Amino acid sequence: MNFNGNANSGEMEISSCCDSFHACNQICGTTKSFCEDSFTKCMDAKCKMSSQKDECTKAASTKKLMLQLSNCNDFNEGQKKSCTCVKTDDADAKRKEVIEDFYQTYNPSQMSKVDGLAAKATDTNKLAGLLTKLVTKYGSKAIKKVKDSREKLMEDMMNSRGPNGIPGMGRKAFDADRFENDQEEAEEEEMIEL
């Protein structure tokens, strides 16, 4: 589900919420409802503090409607790509390794926190909660934005003009081979890497 597209001022106000939502969907062990609830709360908080309240609230309402209409495909795909099965005996060490990697990458000066945090992250859900908090705390530093090729395809279709000047009705809009290729690329590119 694309949430960033061509952003107006209201959408810009909540863009960090959109980024966190996409990241949440890809943190192994989160739930769809948790990510959606966090997203909704983030947008409400941003709009409450916004100097452009009306535009922000309108953009947030649109995103909330999109959530209601969405299915589980994006969430399930994000979980599939980010989760790795490990033997039960190796789980504690793997969780600690994930936390170490995060701090090593985004704040090496805080490596002393790893042991304490690993001791608290005793299962997948607790690790997911911790990683969600860390991604939110480190924001754009911890989220790599990747252009979704499906978004690019939609932009191209809407920008093309047909013989009567109607947007989205040009020859380019109906290129089935291009659509299939873009869909295959989208499956490889749409993940926000942590």
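None of the figures in this text is laboratory data; all of them are computed from the coordinates on show. This one's a predicted model, so the numbers in the text were calculated from it and none came from an experiment. Every residue, glycine as well, gets a Cβ built from its backbone with ideal geometry; the counts of neighbours run over all protein chains shown.
Quick look at the numbers
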{"read-out": "Answer from 60, 93 - the residue that is surrounded by fewer than 17 Cβ atoms within 10 Å (Cβ to Cβ) and either part of a helix (DSSP H, G or I) or touching a residue at least 40 places away in the same chain (Cβ under 8 Å) (or both)", "value": "93"}
{"read-out": "Candidate set from the range 114-127 (those that are within 12 Å of residue 99 (Cβ to Cβ) and under 23 Å from the mean Cα position of the chain (by Cα)); member that is surrounded by the most Cβ atoms within 10 Å (Cβ to Cβ)", "value": "127"}
